[in-house]
Amino acid sequence: MCKKSIDVLFCNEGDVLAADIYDKDGYTLLITKDTVLNDYIKNSLMNHGVHTIDVYVAKTDSERASVADKYISAVNEAKNIFRTIITSGTVETQQLIDIADHIHSHIDQSEEVIKCMSGVRSADEYTFIHSVNVAFYSMMLAKWLNLSAAEINDAILAGLLHDVGKMRIPGEILNKTAKLTADEFERMKKHTLYGYELVNNIKGLSEDIKNAVLLHHERMDGSGYPFGYQSNKLNRYTRIVAIADVFDAMTAERVYKRQSTPFEAFGMFQTEGTRIFDIGMLNTFMSRMPSYLTGIKVLLSNGEAGDIVFVPLQSVTNPIIKIKEDYIDLSSMQTVKIDKLMISFTKLDKLYKT
């Protein structure tokens, strides 16, 4: 993606940072690459003595709109792949390569993709949508970890296929609105074993990817399933998918639970997450993901609506919200929190009709 250097004064609302910004001493990271700029951030940069920044050349409206179509295409292709694996017991390796390349092509359009992922949730389509979302988050985390292009593609495939075993779980369990019984939960947990059985028949798929499908619910401290493995038995793709899977699952609205906000997910990552996930990968995710949330409209628990203008890296659970002409720092408001994101992307209605 093309970028240019520009004086902060001449930046436009909606410009996207093309490089990390540090303080004048070069030690403290102030704002991360890929943050969408606004007046609050511009003023903050100038207050820190930053006057020249790199931004990406702005995308056209047609380029932004095409992301929704490509996202829909990826979900539909995931449906086709899952159904082929179930009915024939395998899938052509080239199909997997093609969809990984398709998702990888969005690596410089992550801001628009994340809005797509946050803007659509369907119980009937959940397994397919969730699998594509986890593939995207896995891709982004692999990119932030500076993995090679081939390794990023492997992370994408691990994310895409991680839940294929759920195709063998009865719908009455998968979509149950009430809490699962102990027996039903044990059956649900077997999706990792079913998934491994299914992907094990795919020629050309690496053992690392197959193990990620099998072990993505294992945890660093041994508290996961199906085997209770600890960190020494979990490869990098397993660790990447574990984070991507939980983040997307928490921020999804399901028939049996309300949708958590990304900031509630960040809160869990800062507490329980430090014990059960790879801490280095988790820190990378937590330092990079918040930048993609600026510009999103939110509804607060007090009924007011506003826009996220900045997510401080030192307090990622408490973004700065603009309400009319006022800036509200949620870290100073004990009784007010973000109730939900307000994202509308009408093109994604197509998902319900395919």
Open item on the list: Can you compute 3J(HN,Hα) from phi for each residue in region 203-212, using the Karplus curve 6.51 cos²θ - 1.76 cosθ + 1.60 with θ = phi - 60°, rounded to whole Hz and x for Gly and Pro?
Closed with: 5, x, 7, 5, 4, 4, 5, 4, 5, 5
Task: Förster radius 30 Å - calculated FRET efficiency between MET268 and LYS189 (Cβ-Cβ, nearest 0.05) - done: 0.90
Task: Extension reserve of the MET342-ASP208 stretch, reckoned as 0.36 nm per residue once the Cα distance is removed - done: 44.5 nm
Open item on the list: Which residue fluctuates most in the GNM of the chain (Cα springs below 10 Å): THR93, THR294, THR32?
Closed with: THR93
Open item on the list: With angles folded into 0 to 90 degrees, how steeply does helix 149-161 sit against the dominant principal axis of the chain? Use alpha carbons for both and round to 10.
Closed with: 60
Open item on the list: Between region 3-56 and region 165-233, what is the separation of their alpha carbon centroids in Å?
Closed with: 42
- [ ] In nm, give the distance between the simple-model label positions of GLU304 and GLN259, each being 7 Å from the Cα along the Cα-to-Cβ direction.
- [x] 2.3
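So how do 229-237, 305-313, 331-339 stack up, highest first, on mean other-Cβ count within 10 Å?
On the way: 229-237: 16.4, 305-313: 19.1, 331-339: 12.9.
The most tightly packed comes first, giving 305-313, 229-237, 331-339.
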Task: Helix 279-288 vs. the chain, principal-axis angle (Cα, 0 to 90°, nearest 10) - done: 50
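Multiply the residue separation of ALA150 and HIS51 by 0.36 nm, subtract the distance between their alpha-carbon atoms, and state the gained length in nm to one decimal.
Values: separation 99, 0.36 × 99 = 35.64 nm, distance 3.72 nm.
Using 0.36 nm per residue and subtracting the Cα-Cα distance, I get 31.9 nm.
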Open item on the list: Going by amide H atoms built from the backbone, whose H comes under 5 Å of the H on ALA252, apart from near neighbours?
Closed with: SER260
- [ ] Given the peptides 164-174, 137-147, arrange them by the average over their residues of other C-beta atoms within 10 Å, most packed first.
- [x] 137-147, 164-174
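Using R₀ = 41 Å, calculate the FRET efficiency as 1/(1 + (r/R₀)^6) where r is the Cβ-Cβ separation of ALA19 and LYS176; round to 0.05. The partial results should precede the final answer.
Details: r = 47 Å, r/R0 = 1.15.
For R0 = 41 Å, the calculated efficiency reads 0.30.
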Task: GNM result for the chain, Cα springs below 10 Å: residue of HIS162, HIS130, HIS51 fluctuating most strongly - done: HIS51
- [ ] Return one quarter of the surface area of the convex hull spanned by the alpha-carbon atoms of region 3-56, equal to its mean projected area, in nm².
- [x] 3.1
Open item on the list: Using only Cα atoms and rounding to the nearest 10 degrees, what angle (0 to 90) does helix 93-104 make with the longest principal axis of the chain?
Closed with: 20
Task: the chain: relative contact order in percent, alpha carbon pairs under 8 Å with at least 6 residues between - done: 16
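If each residue of separation counts as 0.36 nm, what is the full-extension length gain between LYS233 and ASN80 once their alpha-carbon separation is subtracted? Walk me through the numbers on the way to the answer.
On the way: separation 153, 0.36 × 153 = 55.08 nm, distance 3.18 nm.
Result for the pair: 51.9 nm of gain on full extension.
Read the figures in this text as sums done on the coordinates, not as results from a lab. Here the structure is a predicted model, which is why all the values come from computation and not from measurement. So basically every Cβ, Gly included, is an ideal-geometry build from the backbone, and we count neighbours across all protein chains shown.
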